[in-house]
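Engineer: Dumping the structure here so I can ask a few things about it.
The values are calculated or read from the model by the stated rules, or taken from the named source; none is laboratory data. Everything numeric here is computed off the predicted structure, so don't read it as measured data. Cβ placement follows ideal geometry from the backbone for every residue including glycine, while neighbour counts extend to all protein chains displayed. Remember, those area values only see protein heavy atoms, side chains included, never the ligands or the DNA or RNA. Shrake-Rupley method; radii C 1.70, N 1.55, O 1.52, S 1.80 Å.
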Amino acid sequence: MRLAIVGYGKMGQAAAALATGRGHIIHTVVVSKDNAGGRGLTRERLAGADVAIEFTRPEAAVSNLERLIELGIPTVTGTTGWTGALPRITALVEARKGALLHAANFSVGVHLFLRGARELARNFSGRPEFVASIREEHHAAKLDAPSGTALVLQQQLGDSDASRSFPISSVRAGTVPGTHTLTYEGPHETVSLSHVARDREAFAGGALRAAEWLPGKTGVFTFEHLLFGETA
Ligand SMILES: NC(=O)c1ccc[n+]([C@@H]2O[C@H](COP(=O)([O-])OP(=O)(O)OC[C@H]3O[C@@H](n4cnc5c(N)ncnc54)[C@H](OP(=O)(O)O)[C@@H]3O)[C@@H](O)[C@H]2O)c1
């Protein structure tokens, strides 16, 4: 496949390196300095790309996605912090019969963790003596807090057990790629479930898998569609 890499920071580089290793061709790499407001995403530059992988910043993602969808490029984005604009982007994808796959987290393990967390929440429902909390830790350079994954976890837990709240605490320090922990603390015991990403390949591998899966489809998808089918 011929890939357009939009954003060449930690994740863009990890995805490009993995893609090259798997025999894909890096068609173009779009960096921030020549892409203000998405204006570097031109028809000429993207011509011949089969799919784009977008990992940039919350404030850049929406214009990038708009341009890529308007140009008819199937797009995988892992950028977090922009999903307030998802309804607008979804409408554009539908109008253009385009393809977008977005995920706040592209690790397979995190999606299995989310399923386990939902099950745990159902089991703790009706046991008010336990207090629930979410803790997430990421490297010091991560811009958004709470993490997109922590927000997804919080929303899914709330859907599984509406009787309690799931407050999030965020830590930004060091080089941790990403750790999420759900804890239930009772008067005399603690239950916790954690996902620890040990390196960025956990995410880059998933994004690449999504880029291999998306071309030829139309609509808006999440990584759960790829992993678990329509009944995610
Ligand atoms: N879904 C997942 O599994 C997953 C995993 C890890 C991270 N993330 C998310 O992915 C995003 C990127 O993470 P990262 O760790 O790669 O961050 P990063 O190292 O800071 O890289 C972001 C890159 O985007 C570039 N950029 C900014 N605006 C741009 C634009 N308009 N066009 C092209 N490039 C642009 C930045 O360039 P400059 O530095 O020159 O501005 C920078 O190189 C974040 O939102 C993060 O939360 C998601």
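Engineer: Evaluate region 41-51: report whether one residue or more is within 24 Å of Thr149 (Cβ to Cβ), touching a helix residue (DSSP H, G or I) at 6+ places or on another chain (Cβ under 8 Å) and touching a residue at least 24 places away in the same chain (Cβ under 8 Å).
Structural biologist: Within region 41-51, one or more residues are within 24 Å of Thr149 (Cβ to Cβ), touching a helix residue (DSSP H, G or I) at 6+ places or on another chain (Cβ under 8 Å) and touching a residue at least 24 places away in the same chain (Cβ under 8 Å).
Engineer: Now for a different question. What are the pairs, 6+ residues apart or on separate chains, where a residue within region 1-22 that is more than 20 Å from Ile73 (Cα to Cα) and outside any loop (DSSP other than H, G, I, E, B) has its Cβ under 6 Å from a residue that is open to solvent by less than 30 Å² (accessible area, probe 1.4 Å) and more than 9 Å from the ligand (Cβ to nearest atom)?
Structural biologist: Leu18/Leu208
Engineer: Which of (1) touching a Lys or Arg at 6+ places or on another chain (Cβ under 7 Å); (2) over 15 Å from Leu214 (Cβ atoms) does Glu66 not meet, given it meets every other one?
Structural biologist: Unmet for Glu66, out of (1) touching a Lys or Arg at 6+ places or on another chain (Cβ under 7 Å); (2) over 15 Å from Leu214 (Cβ atoms): (1).
Engineer: A further question on this structure: Could you check region 70-92 and list, in sequence order, the residues that are part of a helix (DSSP H, G or I) and surrounded by fewer than 22 Cβ atoms within 10 Å (Cβ to Cβ)?
Structural biologist: Across region 70-92, the qualifying residues are Glu70, Thr83, Gly84, Ala85, Leu86, Pro87, Arg88, Thr90, Ala91, Leu92.
Engineer: Within region 73-112, work out how many residues are touching a strand residue (DSSP E or B) at 6+ places or on another chain (Cβ under 6 Å), aliphatic (A, V, I, L, M) and more than 16 Å from the ligand (Cβ to nearest atom).
Structural biologist: 1
Engineer: Still on this structure, please answer the following. Which residues, taken from region 26-54, are among the hydrophobic types (A, V, I, L, M, F, W, C), open to solvent by 30 Å² or more (accessible area, probe 1.4 Å) and either part of a loop (DSSP other than H, G, I, E, B) or in contact with a strand residue (DSSP E or B) (Cβ under 8 Å, 6 or more places away or on another chain) (or both)?
Structural biologist: Passing the criteria: Ile26, Val29, Val31, Ala47.
Engineer: Can you confirm whether Leu18 is over 23 Å from Leu92 (Cβ atoms), open to solvent by 10 Å² or more (accessible area, probe 1.4 Å) and of a type outside the set (Lys, Arg)?
Structural biologist: So Leu18 fits the description; yes.
Engineer: Checking Val220 against (1) over 15 Å from the mean Cα position of the chain (by Cα); (2) within 16 Å of the ligand (Cβ to nearest atom), which single condition isn't satisfied?
Structural biologist: (1)
Engineer: Keeping to region 93-124, report how many residues are open to solvent by 20 Å² or more (accessible area, probe 1.4 Å), touching a Ser or Thr at 6+ places or on another chain (Cβ under 9 Å) and small (Gly, Ala, Ser).
Structural biologist: Number of matching residues: 1.
Engineer: Looking at (1) over 14 Å from the mean Cα position of the chain (by Cα); (2) within 29 Å of Gly12 (Cα to Cα), which is the one condition that is false for Leu86?
Structural biologist: So the condition that Leu86 fails would be (1).
The rows are residues; the columns are (1) acidic (Asp, Glu); (2) within 26 Å of Ile5 (Cα to Cα).
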| residue | (1), (2) |
| --- | --- |
| Gly78 | no, yes |
| Ala91 | no, yes |
| Ala145 | no, yes |
| Arg164 | no, no |
| Glu185 | yes, no |
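Engineer: If I filter region 128-169 down to residues being part of a helix (DSSP H, G or I) and hydroxyl-bearing (Ser, Thr, Tyr), which single residue comes out as most open to solvent (accessible area, probe 1.4 Å)?
Structural biologist: Per the stated criteria, the residue is Ser160.
Engineer: Check Ala61, Ala49 and return the single one that is more than 9 Å from the ligand (Cβ to nearest atom), more than 18 Å from Leu226 (Cβ to Cβ) and not acidic (Asp, Glu).
Structural biologist: Of the residues listed, the single one that is more than 9 Å from the ligand (Cβ to nearest atom), more than 18 Å from Leu226 (Cβ to Cβ) and not acidic (Asp, Glu) is Ala49.
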